[in-house]
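The values are calculated or read from the model by the stated rules, or taken from the named source; none is laboratory data. These numbers come from a predicted model, not from an experiment. Every residue, glycine as well, gets a Cβ built from its backbone with ideal geometry; the counts of neighbours run over all protein chains shown. Only protein heavy atoms, including side chains, enter the accessible area calculation; ligands, DNA and RNA are left aside. Shrake-Rupley method; radii C 1.70, N 1.55, O 1.52, S 1.80 Å.
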Amino acid sequence: MKLIIDNVRILASPTWAEPVKGRIVCENGRIAAIGPVAGDAEITADTNFLDGKGRLAMPGLINAHIHSSSAFMRGAVPGLPLEPYMLLEAPLDDFSHSPRLYYLRAMLTAIDMLRQGVVAVRDDVHFFGDPTPDNAGAIFEAYRTAGLRASVGFGIPNVLEFTKIPYLREHLTAEQRLEMERAKWPDQAEILSFYHAMFNEWHGSENDRLTVHTSCSTPHRVDPDTLCALSDLARRKNVSFDTHLLETKTQAVHSHHRDGKSLVRYLHDHGVLDERLVAIHSIWLNEEDLDLLADSGATVAHNPVSNLKLGSGVMPMANMLQRGIPIALGTDEVSVDDGNNLWTNAKIGMLLQSLADVDCSRWPRPEILLEAMTTAGARAMRRETAGRLAVGQDADIILLDTSGALYAPLNQLSRHLVGAETGASVRTTIVAGEIVMEDGRLKHIDENAILTEIHDLWDRYSTARDAANVAAQVLLPAYMQSANQALAQDLGFSRHLSGAIRTEKRGS
């Protein structure tokens, strides 16, 4: 299939200062010609023309971290520290654990993403019970149908719940500890068997539009041998390996108490800190951690809105950029980013650094955030053909209408895109040379049917979820006590702003 976008302004890379007017020719899912003089493309019977007049073409966005399995939780959970929040984020109810529910959640995620110009996602799935190929397959099936590019990993814990969080054991009742000890967790062989099934069935399908990556959720949620085995599997399959890394101060405290070292050093010492690692959040890193991360070639997936809602802290972006650490951008999940908007995360990710550093020369330029949403996201996906527009690259393109108020008058384009855009200007989304959204209409998704089905099942779903939440609430005090005890510890540095505010008040 051939697609020609004519008479369009082209922003081929986030580092280009000005777009150029020209033509883009796409064939077989890749860009065949691009630029002011793209040549006279041969017209065939299946050639599709788009008139790009008044449109800006740029690389489609890449969401480097999302959890589709929580897509029904928008507006459902208050701001809490991560550890107690997770009790309410995914309570274990039987109704959630069905292929159709996983399909609908992934489809709702796809609708969200395609409408704002996200062409690819890295989905870190958590299950509401034992992982099954049917439930996982339903997620891939949703992305296949929607036309979205997706890399899917599965965070499957296999250690006792109260070993993941510092001080939790001492705050639980004897009955609560016994209940956790009775819980069955999959062993390493079961986790690897599940992954092998996913690689065999889905990896590279749909002309490589759907892929699998490995995930351990966090290093504290699997035993050391499983951590190494998942990293080794990623190495053998040449895919990325996900871990939530030092998202909270509690995780940093836990690592020092449990291992006598930082979590970054723990990963390094186990041989899993390498260029395949995607380190999600990466907030509570000290200077040595940052050096190790930079030397490894790992990519950071930054989720600024999530970090704000959970009070996790401010990621040291300037120190990372100074060391050359690649930073991609994600929305995390809708329960911690109710807007689920990658453009908004870019703006907040940029502006938040002005509170973290008084040296304005270290504040990130908007081009850095555009790179985080495109080229760095491609790096996280380990896809060299994604993230920019050039001959031979993926034909993953979005067209924005820049005739509206957000661009009147047009000054510095990168500042308009990062500072003002919300995705509302996106008119066309193209994945692998195929138009999947045109003039705001999704081509492969019956959006009304999906939303109607979700609304129709909501009474039954919400009843089951409310019942599960009642059980979760019983544990909430112990989790809050554990988090507060960890937050009171002194690590010798802070990623919270509250310390500076208290110091100022004492001095005033």
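Before moving on, here are some points about what is shown:
- Residue that is nearest to Val118 (Cα to Cα) [pool: residues in the range 54-85 that are open to solvent by 40 Å² or more (accessible area, probe 1.4 Å) and touching a residue at least 60 places away in the same chain (Cβ under 8 Å)]: Arg55
- The condition of being closer than 30 Å to Asn319 by Cα, of a type in the set (Gly, Ala, Ser), in a helix (DSSP H, G or I) and modelled with pLDDT of 95 or more holds for only one of Ala449, Ala500, Ala486, Ala478, that being Ala486.
- Checked against (1) hydrophobic (A, V, I, L, M, F, W, C); (2) closer than 21 Å to Glu83 by Cα; (3) open to solvent by 40 Å² or more (accessible area, probe 1.4 Å), Ala279 meets all criteria but (3).
This table checks each residue for (1) farther than 23 Å from Gly147 by Cβ; (2) surrounded by 19 or more Cβ atoms within 10 Å (Cβ to Cβ); (3) at pLDDT below 95.
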position	(1), (2), (3)
Ala356	yes, no, yes
Ile368	yes, yes, no
Ala380	no, yes, no
Ala386	no, yes, no
Ile398	no, yes, no
Asp401	no, no, no
Gly404	yes, no, yes
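- Of all the listed residues (Met320, Met315), the sole one being outside any loop (DSSP other than H, G, I, E, B), open to solvent by less than 10 Å² (accessible area, probe 1.4 Å) and either farther than 24 Å from Arg236 by Cβ or charged (D, E, K, R) (or both) is Met320.
- Contact map, the range 436-460: first residue farther than 17 Å from Asp396 by Cα and open to solvent by less than 50 Å² (accessible area, probe 1.4 Å), second residue of a type in the set (Gly, Ala, Ser) and assigned to a loop (DSSP other than H, G, I, E, B), Cβ cut-off under 9 Å, separation 6 or more or different chains; pairs are Ile445/Gly147.
- Scanning the range 234-265 for residues that are open to solvent by 10 Å² or more (accessible area, probe 1.4 Å), over 16 Å from Arg382 (Cα atoms) and in a helix (DSSP H, G or I) yields Lys249, Gln251, His254, His256, His257, Arg258, Asp259, Arg265.
- Exclusive hit being touching a helix residue (DSSP H, G or I) at 6+ places or on another chain (Cβ under 8 Å), of a type in the set (Val, Ile, Thr) and not in a helix (DSSP H, G or I), set Val358, Val336: Val336
- Selection status of Gly129, outside any strand (DSSP E or B), modelled with pLDDT under 95 and surrounded by fewer than 20 Cβ atoms within 10 Å (Cβ to Cβ): yes
To keep it simple, each residue is scored yes or no on (1) of a type outside the set (Lys, Arg); (2) under 22 Å from Ala106 (Cβ atoms); (3) open to solvent by 20 Å² or more (accessible area, probe 1.4 Å).
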{"position": "Val152", "(1), (2), (3)": "yes, yes, no"}
{"position": "Lys164", "(1), (2), (3)": "no, no, yes"}
{"position": "Trp202", "(1), (2), (3)": "yes, yes, yes"}
{"position": "Thr214", "(1), (2), (3)": "yes, yes, no"}
{"position": "Pro219", "(1), (2), (3)": "yes, no, no"}
